[in-house]
Amino acid sequence: MVWGFESPPAHQIFRRLNRHEESINMAVNVETLDKLERKMTLTLPVDTIRGEVDARLRKLARTVRMDGFRPGKVPMSVVQQRYGYSVQYEVMNDKVGQAFYEAANEAQLRVAGQPTITEKDGAPEGQLAFDAVFEVFPEVKIADLSTAEIEKASADVSDEAIDRTIDILRKQRRSFAQRAQGSAADDGDRVTVDFAGKIDGEPFDGGKADDFQFVVGEGQMLKEFEDAVRGMKVGESKTFPLAFPADYPGQDVAGKSADFMVTLKNLEAGHLPEVNEAFAKSLGVKDATVEALRADIRKNLEREVKFRLNARNKQAVMDALLAKAELDLPKASVQAEVARMIESARADLKARGMKDVEKLPIPEDTFRPEAERRVRLGLVVAELVKANDLVAKPDQIKAQVEEMAASYEKPEEVVRYYYADPKRLADVEAMVIENNVTEHVIGKAKVTEKQLAFDDLMGNQDAQG
């Protein structure tokens, strides 16, 4: 681990290391610079460093390859000249880092982030002195949770929700057949069109397509476009104006007005499958009955409702916790979280096909408020878990994995997937801890129950498909 050690010039290093001095014990002094900032002074014997450097150089000499010498026969003076400085830096980094770690443990300091370590002048003869500046984790004070007010949401899966889900499944499996000649396009029909648009008389990117298909009345196109096509017959053409919304995804046309010409080339009527045993079987329902299909849908919707309610109630609990907590934030932890968020943003942009994302300037201030919230919440939750033994038990982790796997066709394979990777299992453990914290806080706070409509919880677009 690199501790931010700033090394002096090489000639100064070797002049000091080549002195023969008695080995002495490390001395430690810690002072407070700010609320969370500390400075620790470390002293190390010169011969401790020198001995380790010599040992590493001798080991290196046995394997190093250099022109003009047989393997293992390179003189030590040559090895020292070529590799001495880098080996010295490694040893200083390792030994000072180890000394800092041991001293911090002895002083029972909870170090936040990595220290910045610099060599200090004026060390006693035979010793090297270093200053380590670092932050410690804060004391977290959580007020009486019985005074916290939390709105706990609940929701039920209605028969209407099941009916709408079945309608969505039917639409996903519908078929299309040619409409009779002379028929006019209507909602539910699949149309094939050619269209071309212009803004201020000029074509624009994405404004032209041939043999483009969409289903009328399902919001796949802007309203003006659907309104224009509705009622058209095969072979007809029409021109119409279209105003792009200000929040349209295509920024080049957002908020602008265009003129379109559309030609209807083909018209097909949609046919939804009947809700019967054959339909249930096509969906993989074991009993292949309509009753079993509805029961299966209810089970899946209830699982999704539970997931969304947990997320909503967990958010309410975390907000209440933050309101009841008092602590200072370690700058190092916030900066590390900002760096992680920026790295995640770059990875997301790269996954979306953007090139040279490493060179893209991303302002840190964009992420800082959320980074501060995450760090604050993490410290508060950790304190609550420690004080109330809310750690994730093995049986809780197992139950969580099995619940997550239940929605898959082969749950046992999903369970093996999670248990095969410690990182994936650690993510599940974090979920369980958050659930434990949520239950603990709800059990102590002033809770107001709120019944939500299914559509409100799931969102209108989910309810409509």
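The values are calculated or read from the model by the stated rules, or taken from the named source; none is laboratory data. Computed from a predicted structure; not experimentally measured. No Cβ is skipped: glycine too gets one built from the backbone with ideal geometry, and neighbour counts run over all protein chains shown. For accessibility, only protein heavy atoms count, side chains too; no ligands or nucleic acids. Shrake-Rupley method; radii C 1.70, N 1.55, O 1.52, S 1.80 Å.
A few comments on the model shown:
- In the range 139-167, the residues that are open to solvent by less than 40 Å² (accessible area, probe 1.4 Å), out of contact with any Lys or Arg (no Cβ under 8 Å at 6 or more places or on another chain) and of a type outside the set (Gly, Ala, Ser): 140, 165
- Residues (among the β-branched types (Val, Ile, Thr) and touching a strand residue (DSSP E or B) at 6+ places or on another chain (Cβ under 6 Å)) located in the range 254-306: 262, 263, 305
- Some residue of the range 40-48 being outside any loop (DSSP other than H, G, I, E, B), out of contact with any Ser or Thr (no Cβ under 8 Å at 6 or more places or on another chain), at pLDDT 80 or above and surrounded by fewer than 18 Cβ atoms within 10 Å (Cβ to Cβ): yes
- Failed item in (1) at pLDDT below 80; (2) surrounded by 14 or more Cβ atoms within 10 Å (Cβ to Cβ); (3) within 45 Å of the chain's Cα centre (by Cα); (4) in a loop (DSSP other than H, G, I, E, B), with residue 21 passing the rest: (3)
- Residue within the range 205-219 that is assigned to a loop (DSSP other than H, G, I, E, B) and open to solvent by 50 Å² or more (accessible area, probe 1.4 Å) present: yes
- Scanning the range 231-242 for residues that are part of a strand (DSSP E or B) and either in contact (Cβ under 8 Å) with a residue 24 or more places away in the chain or exposed (fewer than 14 other Cβ atoms within 10 Å of the Cβ) (or both) yields 237, 238, 239, 241, 242.
- Annotation note: of 187, 194, 159, 200, the sole residue that is more than 34 Å from the chain's Cα centre (by Cα) and closer than 23 Å to residue 456 by Cα is 159.
- Some residue of the range 247-265 being assigned to a strand (DSSP E or B), in contact (Cβ under 8 Å) with a residue 60 or more places away in the chain, basic (Lys, Arg) and touching a Ser or Thr at 6+ places or on another chain (Cβ under 7 Å): yes
- When the residues of the range 252-297 are filtered to those that are closer than 30 Å to residue 193 by Cα and among the hydroxyl-bearing types (Ser, Thr, Tyr), the one that is surrounded by the fewest Cβ atoms within 10 Å (Cβ to Cβ) is 257.
- Restricting 385, 381, 391, 375 to residues that are closer than 30 Å to residue 338 by Cβ, hydrophobic (A, V, I, L, M, F, W, C) and touching a Pro at 6+ places or on another chain (Cβ under 8 Å) narrows the list to 375.
- For the criterion of being under 30 Å from residue 447 (Cβ atoms), at pLDDT below 95 and open to solvent by 70 Å² or more (accessible area, probe 1.4 Å), residue 302 passes.
- Helices (runs of 4 or more DSSP H) lying entirely in the range 323-406 (those with 1 or more residues that are of a type in the set (Asp, Glu) and open to solvent by less than 60 Å² (accessible area, probe 1.4 Å)): 331-351
- Residue check, residue 453 of a type in the set (A, V, I, L, M) and over 24 Å from residue 301 (Cα atoms): no
- Tabulated pairs, the range 48-60, first within 10 Å of residue 92 (Cα to Cα) and of a type outside the set (Ser, Thr, Tyr), second open to solvent by 60 Å² or more (accessible area, probe 1.4 Å) and modelled with pLDDT of 85 or more, C-beta under 9 angstrom, 6+ apart or interchain: 52/94; 53/90
- Total residues in the range 85-121 satisfying the condition of being among the small types (Gly, Ala, Ser), surrounded by 19 or more Cβ atoms within 10 Å (Cβ to Cβ) and within 32 Å of the chain's Cα centre (by Cα): the figure is 3.
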